[in-house]
Amino acid sequence: IASRGDSVVYGGGRVGLMGTLADAAIAAGGRVIGVIPQALMDREVGHGGLAELHVVRTMHERKQLMAERADAFIALPGGIGTLEELYEVWSWQQLGYHDKPVALLNVDGYYDALLAFMQVSHERGFVSTPQYHALLVDDDADRLLDRIREAAAKATARDDYSKI
């Protein structure tokens, strides 16, 4: 992300995969913006080396600010918080709250079982065909970033055309 000149907007933590992501982006010369709730900041898990660190009151405020600041959403391997946030931004996309790309990086098949479930949900009619295909999935980070850029360009072209 940093090598492409893009910024990272993320949860603001200094531990785990979030911290590793931030550290790698910073080391590559990237701009990293964190958004963390006060409760997590109080536990001293906030990253101190970011270009911006926004401390908010609640998780809802965190997700709202991250959504406002981001141009796309990428889920890396993670736990229930990652899944909750992935499904939230994907459902916001379906509801028309945003038209930003939503993507999932499937490192080492981490999300294979989830993707199989999503396929069943689609086949049984719980996820529409357009929404099912709107989720960008790849196991290669560079290829996924290219696909995100393509999807963002198409969304921008649609927006520009609708303003004519």
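Taking VAL45 as the residue in question, decide whether it is at pLDDT 95 or above and among the β-branched types (Val, Ile, Thr).
no
Of all residues being out of contact with any Lys or Arg (no Cβ under 6 Å at 6 or more places or on another chain) and under 16 Å from GLY81 (Cα atoms) in segment 35-44, which is surrounded by the most Cβ atoms within 10 Å (Cβ to Cβ)? Just the residue, please.
Ranking the candidates gives ILE36 first.
Looking for something open to solvent by less than 70 Å² (accessible area, probe 1.4 Å), closer than 28 Å to PHE126 by Cβ, of a type outside the set (Asp, Glu) and out of contact with any helix residue (DSSP H, G or I) (no Cβ under 9 Å at 6 or more places or on another chain) - is there at least one such residue anywhere in segment 3-15?
Taking every residue of segment 3-15 in turn, none turns out to be open to solvent by less than 70 Å² (accessible area, probe 1.4 Å), closer than 28 Å to PHE126 by Cβ, of a type outside the set (Asp, Glu) and out of contact with any helix residue (DSSP H, G or I) (no Cβ under 9 Å at 6 or more places or on another chain).
Starting from segment 93-110, keep only residues that are within 15 Å of LEU83 (Cα to Cα) and open to solvent by less than 50 Å² (accessible area, probe 1.4 Å), then list their pairs with residues that are polar (S, T, N, Q) and not in a loop (DSSP other than H, G, I, E, B) whose Cβ atoms are within a distance under 8 Å, requiring at least 6 positions of separation or different chains.
VAL102/GLN93
From the list GLU68, GLU52, GLU44, GLU85, pick out the single residue that is among the acidic types (Asp, Glu), free of Cβ contacts under 8 Å to residues at least 24 places away in the same chain and touching a strand residue (DSSP E or B) at 6+ places or on another chain (Cβ under 6 Å).
GLU52
Before we move on, is LEU21 among the aliphatic types (A, V, I, L, M) and either part of a helix (DSSP H, G or I) or modelled with pLDDT under 95 (or both)?
Yes.
Look at segment 71-80 and say how many of its residues are in contact (Cβ under 8 Å) with a residue 40 or more places away in the chain and farther than 17 Å from ARG147 by Cβ.
Counting residues in segment 71-80 that are in contact (Cβ under 8 Å) with a residue 40 or more places away in the chain and farther than 17 Å from ARG147 by Cβ gives 2.
Listed here are the residues, each with its yes/no results for (1) within 17 Å of the chain's Cα centre (by Cα); (2) of a type outside the set (Asp, Glu); (3) under 20 Å from LEU144 (Cβ atoms).
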| residue | (1), (2), (3) |
| --- | --- |
| LEU21 | yes, yes, yes |
| ILE33 | yes, yes, no |
| GLY49 | no, yes, no |
| ALA67 | yes, yes, yes |
| TYR87 | yes, yes, yes |
| SER91 | yes, yes, no |
| LEU104 | yes, yes, yes |
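Look through MET118, MET59 and report the one residue that is modelled with pLDDT of 95 or more and of a type in the set (A, V, I, L, M, F, W, C).
MET118
The values are calculated or read from the model by the stated rules, or taken from the named source; none is laboratory data. Only a predicted model underlies this, so the values are computations on that prediction, with no experimental measurement involved. Glycine also receives a Cβ, built like all others from the backbone with ideal geometry; neighbour counts cover every protein chain displayed. Accessible surface areas use protein heavy atoms only, side chains included; no ligands, DNA or RNA. Shrake-Rupley method; radii C 1.70, N 1.55, O 1.52, S 1.80 Å.
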